[in-house]
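Each remark here refers to the structure printed beneath this line.
The values are calculated or read from the model by the stated rules, or taken from the named source; none is laboratory data. This structure is a prediction, so every number in the text was calculated from the model and none was measured. As a convention, Cβ positions derive from the backbone with ideal geometry for all residues, glycine included, and neighbour counts pool all protein chains shown.
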Amino acid sequence: MALPIPISSPGGPLPDRGLTKAGEEIAIYYWYDLEPLSSRSGTNIRAYCPKHHSDHQRSLSINASNGWGQCFGCKQRVLIRDWNPRLASALVRHAHEVLKLPALDCSARTLRALPPTSPDLSKPKRPAPAPKAPGLATVQPWQEEERRLLHTLQAEGALRLERPEAWNAQAYLAARHIPLEIALTAGVGYLEPGASERYQQKLLRRWEDRLVFPLQAAPSAAAGGLVLDGYAGRLLSSWQYYPDEVAHKKYLEQQDKKRWIKTNPAWWFWDPIDLPQREPVVVVEGPLDRLAVLASGGFQPGEILALVGTALQSRWLAGKIRALLLALDADQAGHEASDRIARDLAFDHLLVESCVLPADGAGGKDWSERWRRRGDVGMQALYVSHALLAERL
Ligand SMILES: [Zn+2]
């Protein structure tokens, strides 16, 4: 049998450039780029080095348990993205920041840079306020009770994702490439079917088979300095048959089931206690978008805020945030919301920019779908926009 042709020829897979804190360049590959001519025994993998040429043996040694590898020939260190996605994305992001690599497919557009350098005496009237979050005054007694029940379950660990009863949620998150520990850190829970009967609480019925996302706003004087909490629930029923979000949405609509529900009142899916060391804060639309961005690595929980259908109110930002990167959905509603938020926050001296999802047709209309389908490659525009805005602060 003829020897396989080494893949280390010009035109071979082009790695992404990653940079360690110590300044070492790491070549970052996808496993499918190296897999075809590799050999494997246990976690030890040997592959042809795509970096240096005329390689007649598999001089690249990779540890499949952590994705790290090194070539015995050219000494190049590599990382396999699939096996260490968080680290890979952190290294790529660092390389973009330090090496000032050109933006890949980023179409960030500056909405408005504020405040203006000279006082504008002809200050326009403040625009009509954005839709208000439900006020406490409109809360029905059953809504108060529903929120209390969910709060109690969460506090007692009865929603925890790592319980065996939460297998459906675990599988769903795994299919969306969201590690369980990311979801746990963000406080995500799950209420299993049959729970309302077991707890003898009819109000919990509509929360069964749902991922439960805790919603919070920063402590404010209006709330007596308390962190306000609420919940959003995402129905998972039959997701296995409709792994595509759009298809699942259609299916649930046909079944007359609500894909998303929220308590009243409800706030953002964010962590206002853990305000970020670093800005801008990235604003996304859905809870799963937030999890996807957190899963892509390098961001702290306080750095990503999901609106969950609630208006962006600057007083909920605890007065400590200076800059926001809006990364809303790539649809008409997302664009309109971006423009409205930028207009409203213009009066609060916040620096607001928008990162539009690249219209490359391959990634879905939100970050969660991009992350599921394309991994880090799908998130590059966000990393680059974030790095560029961070640099201006
Ligand atoms: Zn090599």
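Details
- Residue in the range 327-346 that is among the hydroxyl-bearing types (Ser, Thr, Tyr) and modelled with pLDDT under 85 present: no
- Residue identified as aliphatic (A, V, I, L, M) and assigned by TED's automatic domain parsing to the domain that holds Pro141 among Ile304, Ile341, Ile261, Ile321: Ile261
- Residues of the range 243-280 satisfying the condition of being surrounded by fewer than 19 Cβ atoms within 10 Å (Cβ to Cβ), in contact with a Lys or Arg (Cβ under 9 Å, 6 or more places away or on another chain) and polar (S, T, N, Q): Asn264
- Boolean, Ala158 is part of a loop (DSSP other than H, G, I, E, B), more than 28 Å from Leu350 (Cβ to Cβ) and modelled with pLDDT of 90 or more: yes
- Single match in Ser54, Ser59, Ser38 (criterion: modelled with pLDDT of 85 or more, outside the structural domain of Ala327 (by TED's automatic domain parsing) and among the hydroxyl-bearing types (Ser, Thr, Tyr)): Ser59
- Leading residue by the ranking (nearest to the ligand (Cβ to nearest atom)) among those in the range 1-26 that are among the β-branched types (Val, Ile, Thr) and at pLDDT 75 or above: Ile26
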